[in-house]
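**Q** I am attaching a structure below and will ask some questions about it afterwards.
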Amino acid sequence: MNSKAEWKPSETAIVVVDMWNDHHCKSAAQRVVEMAPHMNKVLEAARRRGILIVHAPSNCMDYYKEATARKRAQAAPLAKTDIKFQWNYFNPDREGPLSEKLECAGCSCDLPEPCGPDKRVWTSQIVTLKIDDKDAISDNGQEVYNLLSEEDIKNVIVMGVHTNRCVLGRPFGIRQMVYLGKNVVLCRDLTDSYHRDPGAHFSGLNAIIGHVERYWCPTITSDSITGEGSFAFAAEQAESK
Ligand SMILES: [Zn+2]
């Protein structure tokens, strides 16, 4: 079902989730590299329109401790709410189950065996995404909420990775934003999933996006921000030919 809504840029933020510079899963890292140039163009267009961009590369705040955008997030005054900021797990009161293969992580490569050991290799956001002094950097749910409150932001566009995990679960992700009462959309051409289903990555990704649409929030494509084309992974385009 399609419907149309107009959001004022001054009441809208984009939260960029975990677009890290590296990942222990080689194909997951490669898809971030592939998606980042298009995402950067979208962020530039959004910034020009006055949309607040919040970069949220989890576990990388040390790297940004001197950045103006990081200091901006830390300086936003505390906004009180009764909603807890936490990792928001699967919520059986609200959402139907995701199949086992869409839940199971470890590696999203098209290989019979996982590509390598599961460990944290990321140190920053991918540098392809430019961070402006007008932007903010935070991986803390309360801080992100403080920023949104300071700017009277009602609408949140979530993009980044991974759809089935951090995009839904982080304390600045989709579930949290829904619990906080924000108007949330997922930018569905600028996300990727992390699940274990060799040979069927993109159908799994689409199933997860369908799950988000069904139980959590509507989706948009990035052309509604830029007025230009949306993004598709080369491998996905090849599959659909
Ligand atoms: Zn892998």
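**Q** Can you find a residue that is over 23 Å from R196 (Cα atoms) and over 19 Å from the mean Cα position of the chain (by Cα) anywhere in region 34-41?
**A** Checked region 34-41: no residue is over 23 Å from R196 (Cα atoms) and over 19 Å from the mean Cα position of the chain (by Cα).
**Q** Mind listing just one residue for me: the one in region 18-39 that is of a type outside the set (A, V, I, L, M, F, W, C) and surrounded by fewer than 17 Cβ atoms within 10 Å (Cβ to Cβ) and, of those, nearest to the ligand (Cβ to nearest atom)?
**A** Per the criteria, the residue is K26.
**Q** Just to verify a result, which residue in region 191-200, among those that are assigned to a loop (DSSP other than H, G, I, E, B) and hydroxyl-bearing (S, T, Y), is farthest from N40 (Cα to Cα)?
**A** Per the stated criteria, the residue is Y194.
**Q** Please work out which residue is farthest from G199 (Cα to Cα), limiting yourself to region 92-138 and to residues that are modelled with pLDDT under 95 and aliphatic (A, V, I, L, M).
**A** The qualifying residue farthest from G199 (Cα to Cα) is V121.
**Q** Which of the residues belonging to region 93-117 are more than 10 Å from the ligand (Cβ to nearest atom) and surrounded by fewer than 16 Cβ atoms within 10 Å (Cβ to Cβ)?
**A** The answer is D93, R94, E95, G96, P97, S99, E100, K101, E103, C104, P112, P117.
**Q** Give the residue that is nearest to S124 (Cα to Cα), with candidates limited to residues of region 1-32 that are touching a Cys at 6+ places or on another chain (Cβ under 6 Å) and outside any loop (DSSP other than H, G, I, E, B).
**A** V17
**Q** Turning to a different aspect of this structure: For H55, are the conditions met, namely being within 14 Å of the ligand (Cβ to nearest atom) and on the phi < 0 side of the Ramachandran plot?
**A** No: the conditions fail for H55.
**Q** Can I ask one more? Which count do you get for residues in region 50-92 that are aromatic (F, W, Y), in a helix (DSSP H, G or I) and surrounded by fewer than 18 Cβ atoms within 10 Å (Cβ to Cβ)?
**A** 1
The values are calculated or read from the model by the stated rules, or taken from the named source; none is laboratory data. As the structure is a computational prediction, the values presented were derived from the model and not from experiment. FYI the Cβ positions are ideal-geometry reconstructions off the backbone, even for glycines, and counts take in every protein chain you see.
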